[in-house]
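Here the structure comes first, spelled out in structure tokens, and everything after it is commentary.
The values are calculated or read from the model by the stated rules, or taken from the named source; none is laboratory data. The structure presented is a predicted model; accordingly, all values stated were derived computationally and were not measured. Please note: Cβ atoms are built from the backbone with ideal geometry, for glycine as well, and neighbour counts cover all protein chains shown. The protein model used for the area step is the full one, side chains on, heavy atoms only, and it has no ligands, DNA or RNA in it. Shrake-Rupley method; radii C 1.70, N 1.55, O 1.52, S 1.80 Å.
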Amino acid sequence: MLDTAGASVAAQRWYGHGERPVMAISMYDASVPRLANILGNLSRILDKAQAHVDAGKLDLAALMDYRLVADMYPFCMQVRIACDKARSVVARLAGLEVPAYDDDETTLDELKLRIAKSIAFIRSVPAERIDGTEDKEIVLPVTGKPTRYTGKQLLLGHSLPNVYFHTTTAYNILRQNGVRIGKRDFLGNP
């Protein structure tokens, strides 16, 4: 058993559950900065894709419709869904209407605008609207059926994995098409 009697408040908080360290992170810190970061990285990756298109190394229309496998969404939908899932979780945690955007982008610049609008929305939501929503019940239709989540389940078990999945898939499509990007581009400056 760990003796924390003389430890600082921070140390007591860290070791608040006996010998198992506990790290406190707010719902806001686990969502908004992470989502804004990965979408910002995706936007910068699209700049490199645009340079590849501009150099004549890739056809834009072919890229927008490119799929890794026939039953997967095309590149443009991967980017849209990453943005949509990020906006959705922040809005739902904050008790706000989810901003809806038309799925009509046909260029990388238009996708970058969708990303920028998504980041602006995400960053506009104050921490006090999101913090404390760990146990908030949120019901979503998943494959046509109402699915119940706690705020923490929705964020950590559904939305963050979806945003990273679709961002990674967009990244992989670009790599498959010869765009010179690497892990540092994906991670950016976390």
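Okay, here's what the table says:
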read-out	value
Asp131 long-range amide H proximity, modeled H, under 5 Å	Tyr28
Packing-based order for 173-182, 30-39, 112-121, using average beta carbon neighbours within 10 Å, highest first	30-39, 112-121, 173-182
Relative counts (whole %) of C-alpha pair distances in segment 89-144, using bins that are 10 Å wide	20, 41, 31, 9
Interchain or long-range residues, amide H under 5 Å from Glu105's placed H	none
Amide hydrogen neighbours beyond the local backbone of Thr147, cut-off 5 Å, H modeled	Leu140, Val142
Percent accessible area from carbon and sulfur atoms, the chain, protein chains only, probe 1.4 Å	52
Spatially proximal lysines relative to Lys85 (Cα-Cα < 27 Å; intrachain offsets below 8 disregarded)	Lys48, Lys112, Lys117, Lys136, Lys145, Lys152, Lys183
Extension gain from Thr168 to Tyr73, taking 0.36 nm per residue of separation minus the Cα-Cα distance	32.9 nm
Only Lys, Arg (+1) and Asp, Glu (-1) charged, at Cβ; segment 34-129 dipole about Cα centre in debye	540
Pair Arg123, Asp65: separation of 7 Å Cα→Cβ label points (nm)	3.6
Where the chain is the region considered: accessible area per residue in Å², 1.4 Å probe	56
Choice from Ser43, Ser88, Ser124 with maximal GNM fluctuation in the chain (Cα, 10 Å cutoff)	Ser124
Local electrostatic count, Ser31, Cβ distance below 14 Å [Lys/Arg +1, Asp/Glu -1]	+4
Candidates Gly56, Gly132, Gly151, ranked by Gaussian network fluctuation over the chain, Cα under 10 Å, top entry	Gly56
Gyration tensor (alpha-carbon) shape descriptor, segment 141-190, a/c threshold 1.5	oblate
Loop-located GluC sites (Glu not before Pro) in segment 93-164, at most 10 other Cβ atoms within 10 Å (DSSP)	Glu97
Residue-span extension gain [Glu110 to Glu97] - 0.36 nm each, minus C-alpha spacing	2.4 nm
Inter-site label distance for Glu134 and Thr147 at 7 Å from Cα along Cβ, in nm	2.3
Extension reserve of the Lys48-Arg180 stretch, reckoned as 0.36 nm per residue once the Cα distance is removed	46.8 nm
